[in-house]
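Just below is one structure, and these are the notes that go with it.
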Amino acid sequence: MIIHDLKESSTLNQFQFEVQSWIRLIEFLNQETTYLKNRLSEVIDQIKDRENLALAEHFQNQFIVKDDVYDHIMHDLKKQSHKWKEIKSFNSKDAQEDLKKTRKNLSDQIEFIERDHAVLTKDYNTYLEALSLKN
């Protein structure tokens with residue numbers, strides 16, 4: 001019984017650790033998006049042609065979407081963190097299964113967000129590099 005309780009406590013502690021790590025990651029990605037938006041505002045006045053202006057608008061829209069995604073996932077992470085801190089007993093199979101599903105779902109979302117952010121950043125930097133070559 002004691003070993004089982006320790007395992008459950010360890011599982012909850014590990015989940016809380018992961019959630020806090022994910023929160024820090026999303027905070028970083030949010031800061032990074034702010035940095036990218038600031039860079040866009042610096043170069044936008046230098047853009048002369050419509051095609052590059054349309055691309056700038058595309059990236060600006062993508063950054064707005066990312067802000068919204070980060071806000072939503074941050075809300076979900078904090079909600080889950082609070083929910084699982086309140087759990088006093090982890091004995092039921094339903095609670096264990098719920099935690100397992102929640103962890104998998106959040107993990108998949110974070111993985112997608114990380115990949116998506118990396119692709120957007122790469123595309124954006126390629127765009128900025130192309131702009132600097134034209135000037």
Only one of S81, S107 is at pLDDT 95 or above, among the small types (G, A, S) and closer than 23 Å to R24 by Cα, namely S107
Of a type in the set (S, T, Y) and within 21 Å of Q20 (Cα to Cα) - does that describe any residue in segment 114-135? no
I need every pair where a residue in segment 96-109 that is under 16 Å from F17 (Cα atoms) and of a type in the set (S, T, Y) has its Cβ under 7 Å from the Cβ of a residue that is at pLDDT below 95 and surrounded by 14 or more Cβ atoms within 10 Å (Cβ to Cβ), sequence separation at least 6 or different chains. T102/Q80
Tell me yes or no: at least one residue of segment 9-16 is in a helix (DSSP H, G or I), among the aromatic types (F, W, Y) and at pLDDT below 95. yes
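Considering every residue within segment 28-36, establish whether at least one is of a type in the set (S, T, N, Q), in a helix (DSSP H, G or I), over 23 Å from Y124 (Cα atoms) and within 15 Å of the chain's Cα centre (by Cα).
no
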Checking H4 against (1) under 29 Å from T121 (Cα atoms); (2) assigned to a helix (DSSP H, G or I); (3) modelled with pLDDT under 95, which test does it fail? (1)
Going through segment 45-73 in order, the residues found to be under 18 Å from L120 (Cβ atoms), of a type in the set (A, V, I, L, M, F, W, C) and surrounded by 15 or more Cβ atoms within 10 Å (Cβ to Cβ) are L55, A56, F59, F63, V69, I73
Residue under question is I64, and the condition is that it be among the aliphatic types (A, V, I, L, M), at pLDDT below 95 and assigned to a helix (DSSP H, G or I); does it hold? no
Test R103 against the criterion of being surrounded by 12 or more Cβ atoms within 10 Å (Cβ to Cβ), among the basic types (K, R) and farther than 21 Å from Y35 by Cβ, and give yes or no. yes
Residue under evaluation I87, criteria (1) assigned to a helix (DSSP H, G or I); (2) in contact with a helix residue (DSSP H, G or I) (Cβ under 7 Å, 6 or more places away or on another chain), criterion not met: (1)
For S92, work out the one condition from (1) at pLDDT 95 or above; (2) within 23 Å of F15 (Cβ to Cβ) it doesn't fulfil. (1)
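The values are calculated or read from the model by the stated rules, or taken from the named source; none is laboratory data. The structure presented is a predicted model; accordingly, all values stated were derived computationally and were not measured. A quick note on method: Cβ atoms are made from the backbone with ideal geometry, for glycine too, and the neighbour counts reach across all protein chains shown.
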